[in-house]
Structures are given as structure tokens and as C-alpha cells.
Amino acid sequence: MDGPSTDKELILKLSGVSKQFGAVTALDGIDMEVHKGEVVALVGDNGAGKSTLVKILAGVHAKTSGTVEFGGKEVEIGTPGRALELGIATVFQDLALCENLDVVANLFLGQEVNPWRLSEIEMEVRAWKLLGELAARIPSVREPIASLSGGQRQTVAIARSLLLDPEIIMLDEPTAALGVAQTAEVLNLIERVRDRGHGVILISHNMEDVRAVADRIVVLRLGRNNGTFGPDATQEELVSAITGATDNSVSRRAAKRRGDTVEEGAGS
Amino acid sequence: MTDTQKFDRADTRVREDEGLAGAARAFFDRVRSGDLGMLPVILGLFVIAVVFTSLNPVFMRPQNLTNLLFDAAAVGLISLGVIFCLMLGEIDLSIGSMSGVASAILGVLWVNVGVPWPLAILAALAAGAITGAIYASLLNRFGMPSFVSTLAGLLALLGLQLYLLGNSGSINLPFQSFLIRFGQILVMPGWLSYLLAVVPGAVILVFGAQNRRERAAANLSAPSSSVVIAKAVSLTAVLLIAVWYLNLGRGVPYMFVFFVLIIAGMEYVLTRTKFGRSIFAVGGNREAARRAGIKVERIRIYAFMICSTFAAAGGILAASRLASASRQAGTGDVNLNAIAAAVIGGTSLFGGRGSAWSAVLGVLVIQSISNGLTLLNLSSSLRYMILGAVLALAVIVDSLARQSRASHGRA
């Protein structure tokens, strides 16, 4: 895909969204678009405003000014419930799963089928179908969450957010606590979520992960837009956009290490 | 995936535990990982029976066992209530006092004021519900730990009980009334008790077969019919033997059957309804429950109300057992016996784990020990010490099992 996609249906459009906490401006005139079947990565240093933006979209915080358009109409996302109603699901970093309940119970928590006589069989079948669509590798849905690995828990959390069939799913640092193989599994999962036609907003610190799955990379810096890149952007481009300079501690370090290896090569 | 591939057997890492041997293997795996289930209770009951019978043969006589069941129903009902609090990771320490207040309300309204006893019972239950709602509001509004609010409630309720009973100190309830006969005399006719003993097995067979059919239709694996039949047959055999033995003496008390029926109803609520699932979720991870849209505050209110209401109901059964409402009702070891029964039966003090059946099993253990010690003519000082040690032991087992479950990746 070449650069920003424009051929797919626009779901979410932010224009000039700002957020102030007292005298502090956390977000200042943010513009962002998310299309159907697209992974938009949101990157930035600590304090860049990623989490604030996510919380505004999840209905946790209210924006101070600017407009959010969802499906072509301007909307106010006042509460988390309203965000879910619109079709914006969020998977927070701590996942929020009940370890004492099994996978099916966690997937359907709060949305059980038939409240006065739980339809365990129907829920189990739907759980298997959903996990099957995501090609998720969960050995048994009748095991408590406590027995699952970190990647499997992430899978369950993502699957749960898909249960209401949202338009957009926001993932907050889905790979932060995972090993190499589990990270790859979650990245595959994100691609399959995209292929199902959902829009995905991915927040991550890991540039490699971001470039592996994102269709567009939106960089925030100190609460402002600081560039949008395609997945072919180089590490240097991203780092300089994130830190705001071409000469920064990361590039200096990289240059130094390159220098070291050259010297070692010359010495041997 | 082939057409015959079951959804839940697609992953090769899942071992298929087919048939009786498979069920046995799965059971041993569970026990090894710290998921003890009913095992400690059954072992405990066996040890208790052997020890007390060898010390005093009266213990195992059918008359004594019938007595034991009469006694068990009251504490058991209180224990059932506190399970709802324990499941949330909360506790209610005032259940004993609540049961005392309920018996006082019953005595005052029925005997002193002259209200018909069913209405007096309703008033007592309503007092329980209100008390529970107050505890939950203190927790929701002010973040007051239930440990503290119910400890305060323990004293306040005890005071209320003394105030209601006034100078007389105790009120005798009419001996000829249905309520007192229900609590002291009424046992089932033999044929009815045998009939009821067959019901649980029949229920297991019918619902087991239905479950197998539906799961097969939905392309899921189903427990093999041999396991279901073995369960039903063994349960029916145990119940028939118990009923036969009790019928050698006085028979099966209606009061105990009433208690077991309520337990079965509450087990359904806990395991098969959205409300029950919410209780497990709040006890397991409150924040996760809140984000899943569960109204945590409301669940707490219901749980505390259920707890105090059952405590009041237990107090009424206790009053009908003793045919009096006295200052001593609900004091002493009632509180801890009820909580200990829940924990011994397998409900965790740490929240998120438990079942209504744990009240039945636990109360049988506690009541057997209590009854056995009484038969030995031990002073109450020794009885308290021994029951205290049993409670400590139960909590230690719960704690150890929890650690083992954590290290084996089970909740």
C-alpha cells in the first residue's frame, strides 16, 4: 500500500481535537483519520498525548475543543458506554480479565446470552467460532484465564472487544509484556482483525512492531501532530519525528554503535 | 478441520479425557494442582465419624444423626448467606447477631404483640435485608471496609436484640404452632424421603442426557454417558443408604430438606444466571467487572442483602429449634461456625471461588464436631478451643490450596 489509504471507507475523523488539564495542554489540534480495514499506529514519546487521545476516544475523558466525526456524523463521546455503542472498543494495557473465570465467561462477561438461564452451549460455540476466525491458538475455552500465557490473554482480550462487532478497536501497548513468539502471534492477530474490516488504532513503543503491521503511522509529539508516515518509513525518520530532531540521543547512540562495529571490523 | 472435528477438540494439545478412566485422571490432576473440591470435607467427615464413634457409640446412632441434621439447618442457612459476601472478597461478621435480632423480632411480634407468625417472619427477613443494604451502602459510599462496618454492626445488632427482648430476657414460643414443630419434631414419612433421595440422581440423568444431546448438536464434545450414569448412580446410592439409616431412627427432618432445597436454588443462581456470573467476576477482578459493564455497587448491595436476609432466616430456624427467642440466641460461636462452615466447604475467603453446596458440606463437618464434643460432655471452654483450631485449619488448607492453584496456573 502506498502511503495513506484513501480508497477505503472513512470511519473516524478527528479535526483539531484539543484537551487541557488545567493549565497544561495535553493535546493541541490533533487531526487523525481511520478507515475501514486499516491499522493506524499512534506513536510518540512519553507525554506525547497518546494515552490522552485514546481515553478521549474511549469516552474516559472529554475533549476540550475540536470535532470527532464517526461514520460521517459529528459525535460526542461522553461515557465509555457511549463509545461502545458507537462501535469503538478499547483493549487497555492491563487487559482486565477475571482470572478465576474461564475463557467463555470472560468473553461474554456483561453480555451473557440469556441472563436467567445462561446458554453455555451457545456461548461456547460462538467463542470457538470467533477464536477460529482469528485463528487464535487457545487450547480450551473451559480453562480459567489463570492457566493462559500472556499472549493468549491478549488474544482473549482482543477477541472480547470484537464480540460487539465494533467499527474500530484501539489496542494500548498490546505487545509490551510479550515474548518474541507471542508478539508475532498478536501481530498476526491484528492483521486478521484488520482483514475482517475493522479499523485498528495501535499504540506501541516498539517501532519494529509498528512498522510490521501499520498501514499508516501517526506521530504525536508534545500533544501535536508531528507527521504521518507509511510503513516503509525508516527508523531514523520515525525517531526524529518522535523526538523532534535529527540529532538526538537515539541517533547519536545508533551512530556510535555503527562506528564501533566498523572499528571492530577494521581491527580483525 | 474435518466435519467430525469437534470445536473444542481441534487443538492437539488438549488431552481427551474420555469415559470413566478419563474422568478419574482429570480428577487426580485437579487435586494435585490444589483444586481440592469436596475431598477435604469427605475425608474430614470420615475421620470425625470414626473418632467420635469410637469415643461414644451414640454418635452414629440414627436418632443422634437426625438431631444433628435439625441443628445443622439453622447454621447452614446463615452460612449460605455469608457465602455471597465471601464470594465478593468481603465478609459479614455480624451474621450471628443478625440471626439473634431476627429471633427477637419473631418472638416480640408473634408472642408479645400478637402478629401471626408468617408476618413476624417477613418482618424479621425485611430487617435482615435492610441491614445488608446499610453495610453495602457504607462500603459503596464511604469505602468503609465490610470488616469494620459489620464489626460495628455486630455490636449494634446485639444491642438491638437486648433492647427488643427487654427485661424478660427470653420469650418462649408457642409449642403447638407449626413453626416450632417444624423446627423440633416434623420428619418426613419414609416413602417421601426415599422418593426425594432418588430425585437428584434422576435430575443428573435427565439434564445430563439433554446436555449431551445439545452439545453434540452444537458440534462440541460431551461428557460420556458412562460418567453421567456413574455420578447419578453413586449419588443415589449414597442418599438411599443415608435415608434408610435415618429412617431406622426418627427419619429425615423436613427442616433439613427445606435447607437443601434453598441451597440447590442458590447454586442455580450462582452458576447459571448472569447475576451469579457477575458475583464471580466482581470477586475475581473488580476492575475487569466494572469495565465489562457490570454495576459493581449494585452487585454488592444484592450480595450483602442476601447475606443478612439468610442470617435472619437462620435465626428464625434457630428460634424454632429452641422454641424460644433469648439473649443468648446468635451469640457465642454462631458467627464463626457459619463462616467456618463456608470455608471448610470450599468457599475461599479471598473471593471469586465457592459454591452454595459448600454450606451443606461445611455445616455437616462443624455440626458433627460440635455434636460429638457435646456427647463427650466436654466443657464449653474445650469445645471453643477445638472449634477454633478446626477453623484455623480450614483457613490454612484454603490458603495452601490457593498457593498451589496459583503455581499450577489455576484460578
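Other residues within the sphere of radius under 12 Å centred on the Cβ of A:H205, judged by their own Cβ, net out at -4 (K and R +1, D and E -1). A DSSP coil position with no more than 16 other Cβ atoms inside 10 Å describes the following chymotrypsin sites (Phe, Trp or Tyr not before Pro) in the range B:302-395: B:F350. Of all DSSP bridge pairs formed entirely within the protein assembly as shown, close to 60 percent run antiparallel.
Look at the alpha carbon pairs under 8 Å that are at least 6 residues apart: their mean separation over the length of chain A gives a relative contact order of 25 percent. The distance between label points at B:R213 and B:F142 comes to 5.6 nm (points 7 Å beyond Cα on the Cα→Cβ vector). A simple rule links phi to the HN-Hα coupling: the Karplus curve 6.51 cos²θ - 1.76 cosθ + 1.60 with θ = phi - 60°, which for the range B:136-149 gives 5, 5, 4, 6, 5, 6, 10, x, 6, x, 4, 4, 7, 5 Hz, with x for Gly and Pro. The simple spin-label model puts a point 7 Å past each Cα toward its Cβ; for B:V269 and B:S399 those points are separated by 3.1 nm.
For Cα pairs less than 8 Å apart in space and 6+ apart in sequence, what is the mean separation divided by the residue count of chain B, i.e. the relative contact order in percent?
34
Taken about its Cα centre, the protein assembly as shown carries a charge dipole of about 2160 debye when Lys and Arg each add +1 at the Cβ and Asp and Glu each add -1 at the Cβ. Per residue of peptide B:219-227, the mean number of Cβ atoms on other chains within 10 Å of the residue Cβ is 1. Spatial offset of the range A:20-39 relative to the range A:72-92 amounts to 14 Å, using the alpha carbon center of each. In this structure, the amide hydrogen of A:T90, modeled 1.01 Å from its nitrogen in the peptide plane, lies closer than 5 angstrom to those of A:M170, counting only residues at least 5 positions away or on a different chain.
Among the listed pairs A:K63/A:K129; A:K8/B:K295; B:K6/B:K274, which have their C-alpha atoms separated by more than 32 angstrom in this model? Walk me through the numbers before you get to the answer.
On the way: A:K63/A:K129 37 Å; A:K8/B:K295 38 Å; B:K6/B:K274 27 Å.
Violating the 32 Å Cα-Cα cut-off are A:K63/A:K129; A:K8/B:K295.
Using C-alpha pairs below 8 Å separated by at least 6 residues, the relative contact order for the range B:187-252 is 52 percent. Taken about its Cα centre, the range A:1-117 carries a charge dipole of about 300 debye when Lys and Arg each add +1 at the Cβ and Asp and Glu each add -1 at the Cβ.
What is the mean number of Cβ atoms from other protein chains located within 10 Å of the Cβ atom of each residue in peptide A:108-116, rounded to a whole number? Working shown, then result.
Values: counts 3, 13, 12, 3, 5, 1, 3, 5, 6.
Per residue, the number of nearby Cβ atoms from other chains is 6 on average.
Under the 0.36 nm per residue contour assumption, what length would be gained going from the current alpha-carbon distance of A:T67 and A:A177 to full extension? Let's see the in-between values first.
Numbers: separation 110, 0.36 × 110 = 39.60 nm, distance 3.39 nm.
Here the segment from A:T67 to A:A177 would lengthen by 36.2 nm.
The mean number of Cβ atoms from other chains found within 10 Å of a Cβ in peptide B:277-285 is 6, as a whole number. Inter-part distance, the range B:201-228 to the range B:253-316, computed on C-alpha centroids, equals 27 Å.
Once the Cβ-Cβ distance of B:S379 and B:S168 is raised to the sixth power relative to R0 = 30 Å, the FRET efficiency obtained is 0.60. Spacing of the modelled spin labels on B:K6 and B:M38, each 7 Å from Cα toward Cβ, amounts to 2.3 nm.
Only helical runs count toward this figure. For the protein assembly as shown, summing -39,500 (n - 2.57) over DSSP H runs of n ≥ 4 and dividing by all residues gives -19000 deg cm²/dmol at 222 nm.
Can you list the trypsin sites (Lys or Arg not before Pro) in the range B:291-330 that are in a DSSP coil and have 16 or fewer other beta carbons within 10 angstrom?
Taking the range B:291-330 and a limit of 16 other Cβ atoms within 10 Å, the loop trypsin sites (Lys or Arg not before Pro) found are B:K295, B:R327.
Pairing the Cα long axis of helix B:380-407 with the longest principal axis of chain B, what angle in degrees results, from 0 to 90 and rounded to the nearest 10? Between helix and principal axis, roughly 30 degrees.
Laboratory data are not the source of any read-out in this text; all were calculated from the coordinates shown. The structure presented is a predicted model; accordingly, all values stated were derived computationally and were not measured. Here the Cβ is made from the backbone with ideal geometry for all residues, glycine too, and neighbour counts use every protein chain on show.
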